[in-house]
Amino acid sequence: MKVYSIVPLAFPVIAGAGTITTILSLRAEYERINILFAILLNMGVVVLVLLLTNRIERLLGRVGLIVLRKAFGVILLAISVKLFAGNITYLFPHP
């Protein structure tokens with residue numbers, strides 16, 4: 001059985017469906033101004049990293065980039081497990 005997914009072309013690579021999910025999750029706990037400030041701060045960091053990509057690649061090397069990719073994968077997995085565990089109770093309420 002093949003599973004297909006459709007991703008609208010309007011989603012950029014850097015800010016995709018995960019970004020929308022994160023913003024919706026944050027909106028449940030924080031005020032809009034705090035989320036806006038965090039987004040603007042994050043955009044600054046992303047621009048800085050994109051501008052310094054060649055230098056970062058040379059500094060870390062091939063193995064360093066692999067390790068960094070794996071570390072961020074674990075962080076992303078931990079965040080997704082936390083979100084899932086926090087929201088599973090809404091799907092299956094305890095009587």
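Bear in mind that the values in this text are calculations on the coordinates, not laboratory data. Bear in mind that the values here come from a model prediction, so they are computed numbers and not experimental data. As a convention, Cβ positions derive from the backbone with ideal geometry for all residues, glycine included, and neighbour counts pool all protein chains shown.
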message: What distance in nm lies between label points placed 7 Å from Cα along the C-beta direction at Leu83 and Leu68?
response: 2.3
message: Please list, in order along region 39-44, the HN-Hα scalar couplings obtained from phi with the Karplus expression 6.51 cos²θ - 1.76 cosθ + 1.60 (θ = phi - 60°), rounded to whole Hz, x for Gly and Pro.
response: 5, 5, 5, 5, 4, x
statement: With x for Gly and Pro, the residue-by-residue ³J(HN,Hα) of region 80-86, computed from phi through the Karplus equation 6.51 cos²θ - 1.76 cosθ + 1.60 at θ = phi - 60° and given in whole Hz, is 5, 5, 4, 5, 5, 5, x
